[in-house]
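One structure is given here, and the rest of the page talks about it.
The values are calculated or read from the model by the stated rules, or taken from the named source; none is laboratory data. Predicted model, so just to flag it, every value in this text is computed and none were measured. Cβ placement follows ideal geometry from the backbone for every residue including glycine, while neighbour counts extend to all protein chains displayed. Quick note on the areas: whole protein, heavy atoms, side chains included, nothing else; ligands and nucleic acids left out. Shrake-Rupley method; radii C 1.70, N 1.55, O 1.52, S 1.80 Å.
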Amino acid sequence: MLLEVDGLHAHYGKSHILHGVSFAVPRDGIVSLLGRNGSGRSTTLKAMMGIVPPTSGRVRLGNIELTGRRPYAIARHGLGYVPEERLVFANLTVRENLAMGVQRSQSGERAWTVEDMYTYFPRLRERRDVNAGSLSGGEQQMLTICRSLLGNPQVLLIDEPTEGLAPKIVEVVMDVILDIRRRGVAVVLVEQKLTIALRIAETVFVMGHGEIVFSGSPEELRSREDVRREWLQVA
Ligand SMILES: Nc1ncnc2c1ncn2[C@@H]1O[C@H](COP(=O)(O)OP(=O)(O)OP(=O)(O)O)[C@@H](O)[C@H]1O
Ligand SMILES: [Mg+2]
């Protein structure tokens, strides 16, 4: 396993949010974290990134212990993060935002280039000299994904990338995620849309009340109507 999350606990002040979250991500794999609103999916990603420092538990990437490190150090070691809130530098252009994301590739893989990003999202090429603050929500989402990819992560954590996107763009984002995996980057995908997770992930983890309540293949989850009814909105 490339990335191992083991017994993660996290708190916001006195509220105990994560209760021992454990899962693993294989090299070149896509895993998805599913669950209802408030089940702790975003907090899991933030705890892995050190943004909400875990109160106990461990996160390991290959041989590197990430637990207790600062977010920038965790990013430098190879965890990329696309947060729920689109994070762009509003007063910088698209091109400048992309330039800010560039970091050398850690593995032997060919590094991602700004040109790759424009190929994925031609809309960003068209708007490369526009300030990011005046992009639409969907365009800001694309830009956030691209910025994270240009950091050449070994694992990309993506929080609801298709939220609020037009169906056509959702398809593009899914193709990009599949291409990311083909190029050797593992993906942890937090999704609200069950159909998307079932289509692209090899393993799905369902969260409820800050714990993993189901793990299995998409086929297994498809056959578990009870799990879907109890822990996901869709029956
Ligand atoms: N900054 C915060 N301070 C206090 N409580 C928080 C904070 N952020 C989240 N929580 C609480 O932690 C719990 C888990 O939230 P989290 O954001 O991880 O859920 P989620 O599964 O990502 O759901 P969604 O994104 O749909 O809201 C919720 O009860 C939420 O209210
Ligand atoms: Mg969330």
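Across the stretch 1-109, C-alpha contacts under 8 Å between residues 6 or more apart give a mean separation that, scaled by the residue count, equals a relative contact order of 24 percent.
Put simply, the amide H of Gly20, placed in the peptide plane, has neighbours under 5 Å in Leu8, His9, Ala10, leaving out anything fewer than 5 places away on its chain.
Under Stokes-Einstein, with the Kirkwood radius over Cα pairs standing in for Rh, what whole-number D in µm²/s applies to the stretch 1-51 at 25 °C and 0.890 mPa s? Don't skip to the end; give the middle numbers.
Working: Rh = 11.7 Å.
Reported coefficient: 209 µm²/s.
Would the chain count as rounded, prolate or oblate if I go by the C-alpha gyration tensor, calling it rounded below 1.5 in a/c and otherwise prolate when a/b exceeds b/c, oblate otherwise? The shape class here is prolate.
Solvent-accessible area per residue for the chain at a 1.4 Å probe radius, Å²?
46 Å²
Under the membrane-span-like helix rule (DSSP H runs whose alpha carbons stretch at least 18 Å along the helix axis, mean Kyte-Doolittle hydropathy 0.0 or higher), the chain yields 137-150, 167-182.
Using only Cα coordinates, the Kirkwood hydrodynamic radius of the stretch 4-134 works out to 16.8 Å.
The portion of the accessible surface of the stretch 126-222 made up by carbon and sulfur, rounded to a whole percent, is 48 (1.4 Å probe; DNA, RNA and ligands excluded).
Applying both filters, DSSP loop and at most 16 other Cβ atoms within 10 Å, to the GluC sites (Glu not before Pro) of the stretch 99-186 gives Glu109, Glu163.
Each residue of the stretch 126-132 is assigned a 3J(HN,Hα), and the resulting list reads 4, 9, 5, 9, 8, 5, 4 Hz, derived from the Karplus form 6.51 cos²θ - 1.76 cosθ + 1.60 (θ = phi - 60°), x at Gly and Pro.
Pull out the extension gain between Arg70 and Ser215, defined as 0.36 nm times the separation in residues minus the alpha carbon to alpha carbon distance; nm, one decimal.
Additional length available on full extension: 49.3 nm.
Bridgeable lysines around Lys193 (alpha carbons under 23 Å apart, same-chain partners fewer than 8 residues away excluded): Lys46, Lys168.
May I ask you to list the GluC sites (Glu not before Pro) in the stretch 186-228 that are in a DSSP loop and have at most 15 other Cβ atoms within 10 Å of their Cβ?
Answer in residue order: Glu202.
Kindly sort Met117, Met1 by accessible area of their heavy atoms, largest first, with the probe set to 1.4 Å.
So the residues, ranked largest to smallest area, are Met1, Met117.
Around the amide H of Leu157, modelled in the peptide plane, lie the amide H atoms of Gly80, Tyr81, Val82, Val188, all under 5 Å away and 5 or more residues distant in sequence or on another chain.
Contact order for the chain, expressed relative to its length and based on alpha carbon pairs under 8 Å spaced 6+ residues apart, stands at 27 percent.
Across the stretch 51-61, computed HN-Hα scalar couplings (Karplus, 6.51 cos²θ - 1.76 cosθ + 1.60, θ = phi - 60°) run 6, 10, x, x, 7, 7, x, 9, 10, 10, 10 Hz from first to last residue, x flagging Gly and Pro.
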